[in-house]
Amino acid sequence: MQNQQENKHTWEGTAGTPSQEPPSPQKLRCFRDILGIVLSLSDEEWRTLTSDVPNEGTKLQFACLCTKIITSVCKSAIQSYLPTLICMLGMEAVLRAEEKLEKKAESASMSSSTSTAPSPKHSAER
């Protein structure tokens, strides 16, 4: 069996290619989770997973491809359901929910980038 680093055939156009903008915290968490799963696969599990793939790539490339697929499906689902939600709930409710999600994402990214010691602001809120 070929070593993955020696493999000439790879998946093209994956999320591993440079992009114009930095990935969102959600996309980074998604990639981290997928990569953890893929890297924990045994050699036998990896061979089974890629046995029908004509251009076997590396586990990193596979994780990038899976992340790209998941984020694309999520964006499509949101774009499909958002107009219906706006009609059902009204625009104000959707905007409030969006604001809450943005605040939650900001606080999650801030907490993951800070040290383990809580800041005075966060300890006062608890």
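Observations on the model:
To keep it simple, each residue is scored yes or no on (1) touching a residue at least 40 places away in the same chain (Cβ under 8 Å); (2) surrounded by 15 or more Cβ atoms within 10 Å (Cβ to Cβ); (3) out of contact with any Leu (no Cβ under 7 Å at 6 or more places or on another chain).
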position: Q26; (1), (2), (3): yes, no, yes
position: A63; (1), (2), (3): no, yes, no
position: V94; (1), (2), (3): no, yes, no
position: E99; (1), (2), (3): no, no, yes
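- Residue count for region 28-61 under the criterion of being surrounded by fewer than 11 Cβ atoms within 10 Å (Cβ to Cβ) and outside any helix (DSSP H, G or I): the result is 5.
Taken together, the values in this text are just the output of simple stated rules run on the coordinates, not laboratory data. In this text the structure is predicted, and so the values were computed from the model without any measurement. All Cβ positions, glycine included, derive from the backbone under ideal geometry; neighbour counts span all protein chains shown.
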